[in-house]
Structures are given as C-alpha cells and as structure tokens.
Amino acid sequence: LAIEEILQTVLEDVVKLLKGSGGRLYLTSTDGMSEVEIYTYGIQPRLSDNVSQPLLEDYPAWQQLMKCDYLYSQLLDITDEDGEGEDVTDEFVEVQGFPVPKPQAITNIYQEKQLVGVTHLFHSTPIRSLLAMPLQYGSQFLGYLSIFRDEIDTDIAWAGKYDPDQRQQRVRQSFEAWRQLKLAQAQEWTAEEIEIVRSLSIHLTMAVMQHRLYRYEQQQRHLVEMRNTELKIARTIAEEANRIKSEFLSSTSHELRTPLASTLNYLRLLKEEFYDDDEELKEYIHIAYESTNGLVEIINDILDITKIEAGRMTIDPEYLNLPSLLQEQSDLFRAESRRQNIPLIIDCEVEGVYADKLKLKQVLTNLIGNAFKFSNQGEIRLRVVPDKSPNMVKITVTDTGIGIDLAQQNKLFEPFVQADGSIKRRYGGTGLGLTICKRLVELMGGEIWFESPDVGTGTTVAFTLPHLEKAGE
C-alpha cells in the first residue's frame with residue numbers, strides 16, 4: 001500500500017478503537033513550499049466551503065495547542081537557572097533525547113482557554129472532547145494526531161437519604177430510587193486511551209520520518225541522475241562544438257590559404273613582369289583582385305559572427321524602399337547571372353520595409369550568392385509578399401539547385417556547419433553565412449527558415465521583417 005493509504009487506515013482504526021466520532025491527522029510540509037497533508041475521518045469541525053477560508057490548522061489558537069507551545073514555554077522557564085514557573089516536566093516524555101509532550105486530553109473543549117479562538121468551529125457539531133498528540137521528531141514538528149468525541153447523555157440513578165423526621169409517614173419514600181437524565185455531557189478520556197494514543201504517535205512519528213527520509217533520498221538520487229544527464233549532454237555538446245570549431249579552423253585555414261597563395265603568386269608574376277601583353281597583365285590583376293576580395297569576405301564573416309556572439313552587433317532600422325533596394329541586388333548579381341546563364345527574377349508586392357539597410361543587403365547578398373553557388377541551371381527567384389502575420393513582410397529566395405536534406409536544414413543555421421563534407425570540399429565556404437543571416441534577421445525583428453522540400457528539389461530560404469507600420473511601436 002502507498003503511505004497515504006496506510007496513514008488513512010491507521011487514522012480510521014484508532015478512531016474506532018477509542019470509540020471516537022472523528023479524527024484528524026495533519027502532516028506539515030516537508031520543504032515549506034509543498035502542500036501540507038491532511039487526513040480526516042468521521043465528524044469534523046465545520047469549516048467554510050470557501051477555498052479562500054483558512055484551514056483549522058491555520059488558526060493560531062489551534063496551532064499553539066497542537067504544538068504545545070504553552071507547555072514548551074513553561075518548560076523553558078523551569079530549566080532556566082533564574083527562571084520561575086510551574087513544573088510541567090511530568091507533561092513530557094523523552095523521545096530521541098528530546099522532550100515531547102504527552103497526549104493532551106481535553107474533556108470539554110468549551111472550557112479550554114487555549115481553544116477560545118476556534119470553538120466557534122465546533123458549535124454546529126456534537127464534538128465535545130478532544131485527544132491530541134503532536135508528532136515530534138527531535139526538535140522537528142511533523143504534525144499531530146487528534147481524536148474527537150461527541151457529547152453524551154448521562155442517566156444518573158441514586159437512592160434518597162433517610163429522613164429522621166417522625167412526621168414522615170411513608171418510610172419507603174425516604175429510600176426511593178431517584179433518576180436524573182443529564183444531556184450533552186462531556187466524556188472523559190481514560191488513562192488507557194491516552195497511553196494508546198501516546199504509543200501510536202511514537203510509531204507514527206517514526207513511520208512518517210522514515211518515509212520522508214526515503215522520499216528525500218529518492219529526490220536527491222533523481223536530482224543526481226538529472227545532473228549527471230545534464231553534464232553528459234553538456235559534455236557531448238561541448239565535444240561537438242569543439243569538433244565543429246576544429247573543422248572550421250581547418251577549413252577556414254584552407255579557405256584563407258588558397259586565395260592568399262593565389263594572390264601572392266600573381267603579385268609575384270606582376271612584380272617580375274612575367275606576362276606577355278596587356279591582356280595577360282589585366283587578367284593577373286583581376287585574379288589577384290578577386291582572390292583578395294575572397295579573403296576580405298572570409299575575414300568579414302569571422303568578424304561579424306564574433307561581434308554577434310559577443311552581443312556587440314547593433315542595427316539602425318529605417319524605412320527602406322524595397323523596389324529600389326532589390327534593383328541594387330539585381331545589378332550586383334547581373335554579371336554572375338550572365339556568366340552562369342541563370343536569370344535572377346525579382347517579384348516584389350510590397351513597397352517598403354522597416355530594417356537596417358546594410359544588414360538587409362548583407363542577408364540578401366548572402367542568400368542570393370548561395371543560390372547561384374549551388375545552382376547549375378534553372379533560375380533564381382527573389383519574391384517579397386505581405387506575410388500572414390500582421391505588419392510583417394515575407395521575403396523568399398528560391399533556387400533550382402541541389403536542395404538540402406530535411407534532417408540537415410535546422411543545423412545549417414548553427415555556426416561553422418555545412419550540409420556535409422563533400423559540399424564543403426566542392427563549393428568551399430566557412431559555414432558562417434546562414435548563421436550570420438539568422439542572427440541579423442532576428443536582430444531586425446524577424447525570423448528565418450527553410451522551405452526546401454528535400455535533396456534535388458531546389459532550395460527556398462524564407463525570412464520575415466517588420467513592415468513600415470511596426471516602426472512606431
């Protein structure tokens with residue numbers, strides 16, 4: 001059986017054993033934050049049905065009686081060297097080396113000064129007597145056990161006294177039996193009943209304490225297991241982060257070394273005038289320039305992600321004319337579009353957006369650049385439409401390239417990640433572009449996600465930004 005069922009059964013059995021009309025077992029909160037436990041049986045004091053009304057245990061008068069505060073205060077008085085007070089040591093028994101009050105047997109609750117503040121709760125009930133025992137483990141108050149008894153009707157019979165008056169003619173009348181019925185009388189508790197409650201309370205105290213210790217041990221074990229799991233997960237994440245960063249450093253070193261070596265080689269050729277004509281000279285200069293641009297882009301990506309991770313990236317949002325800004329993007333990629341014979345189609349249904357111009361251009365340049373990088377044919381489409389969310393604009397960049405595995409899509413927004421090693425080797429890059437796009441879009445108040453169906457079906461990257469109306473918020 002569960003501990004709750006056992007405690008309820010014990011309460012019911014002891015009430016029946018003592019011929020009580022009701023009982024109450026109250027257990028305090030184990031940590032001061034969890035709920036208290038209350039077990040009841042039979043007739044109870046009449047409390048309001050209103051949930052905002054206090055429990056019986058919330059009344060100070062009841063608390064003081066159940067905790068025996070008045071007895072402890074008197075005990076302290078007589079144990080103090082200079083104290084004076086009534087000797088109440090007989091009211092205590094020693095349990096675990098600590099004085100614990102004996103059961104409090106109250107024959108008539110309406111004559112008990114300690115209960116003046118709660119007797120109104122008993123007026124509508126037949127309860128008249130009370131036997132209570134605190135559950136005390138050392139200095140720790142665990143709760144109490146209380147047994148109620150109803151008032152009883154007493155039938156008293158006695159014989160009349162001898163009347164020496166000679167005028168009394170009827171002798172038998174002097175010894176006639178008299179009866180008197182007394183209603184609503186209090187019933188006293190016997191020494192045997194008090195001892196039963198005292199003995200039971202000690203066993204209850206030990207059982208409750210052992211259960212709490214067991215539950216505490218289980219909770220601590222669970223916390224340790226959770227902490228170990230968290231540490232294991234954290235270690236796995238840290239190891240994965242270290243692995244990714246190691247791969248990033250390796251690939252970035254390669255990305256830096258390749259254009260740097262190319263630039264140095266062509267600059268050396270130029271320095272030694274190792275070219276045949278002006279056309280070859282222009283070609284060398286162009287290659288060195290493009291290689292240097294590649295170096296600058298890689299370094300800018302590293303600097304951007306460093307600033308974003310450190311929380312030092314700031315934005316300066318303003319109203320932007322989208323058709324004009326998108327035309328700039330079209331002009332920027334015109335040469336690449338001709339070189340690959342892949343048209344860049346722009347479809348804009350929104351006039352304005354509220355964003356940081358440089359950051360938005362950086363996001364669009366990165367996404368359109370990726371679309372051209374991973375496409376060999378087809379088209380690139382940049383589309384701007386009102387979003388389903390109020391005051392938001394949705395921008396999508398769609399290509400007809402290699403597509404992205406569904407399982408990899410969310411990972412690609414993490415730093416230093418690309419779909420797989422073969423893509424990194426084939427197409428190059430640091431794996432920071434999408435991470436930077438995600439952080440910049442979020443800084444501007446939007447979201448970014450993939451709408452790519454799967455590998456081989458092209459890729460669509462969508463993101464949202466606030467419309468003009470959101471600027472006033």
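Some observations on this one:
- Top-ranked residue in region 354-377 [being aliphatic (A, V, I, L, M) and without any contact (Cβ under 8 Å) to a residue 60 or more places away in the chain; ranked as nearest to Ile448 (Cα to Cα)]: Leu364
- Region 382-400, subset without any contact (Cβ under 8 Å) to a residue 60 or more places away in the chain and part of a strand (DSSP E or B), residue surrounded by the fewest Cβ atoms within 10 Å (Cβ to Cβ): Val385
- Residue ID - surrounded by the most Cβ atoms within 10 Å (Cβ to Cβ), chosen from residues in region 189-201 that are within 13 Å of Val10 (Cα to Cα) and among the aliphatic types (A, V, I, L, M): Val197
- Among (1) in contact with a Phe, Trp or Tyr (Cβ under 6 Å, 6 or more places away or on another chain); (2) in contact (Cβ under 8 Å) with a residue 60 or more places away in the chain; (3) under 30 Å from Val385 (Cβ atoms) - the single one Glu336 does not satisfy: (2)
- Scanning region 132-140 finds one or more residues that are surrounded by fewer than 16 Cβ atoms within 10 Å (Cβ to Cβ) and either modelled with pLDDT under 65 or not hydroxyl-bearing (Ser, Thr, Tyr) (or both).
- Elements of type strands (runs of 3 or more DSSP E) in region 4-103, at least 1 residues being modelled with pLDDT under 55: 92-95
- Taking the listed residues Gln418, Gln362, the one that is outside any strand (DSSP E or B), at negative phi, modelled with pLDDT under 80 and not acidic (Asp, Glu) is Gln418, with no other qualifying.
- Every residue from region 422-449 that is at pLDDT 90 or above and of a type outside the set (A, V, I, L, M): Cys437, Lys438, Arg439, Glu442, Gly445, Gly446, Glu447, Trp449
- Selection count where residues are assigned to a loop (DSSP other than H, G, I, E, B) and touching a strand residue (DSSP E or B) at 6+ places or on another chain (Cβ under 6 Å), scope region 273-320: 1
- Test: Arg227 is basic (Lys, Arg), in a helix (DSSP H, G or I) and either over 29 Å from Glu414 (Cα atoms) or at pLDDT below 80 (or both): no
The values are calculated or read from the model by the stated rules, or taken from the named source; none is laboratory data. A quick note: this is a predicted structure, and the numbers were derived from the prediction, not measured. Glycine gets a Cβ as well: all are built from the backbone with ideal geometry, and neighbour counts include every protein chain shown.
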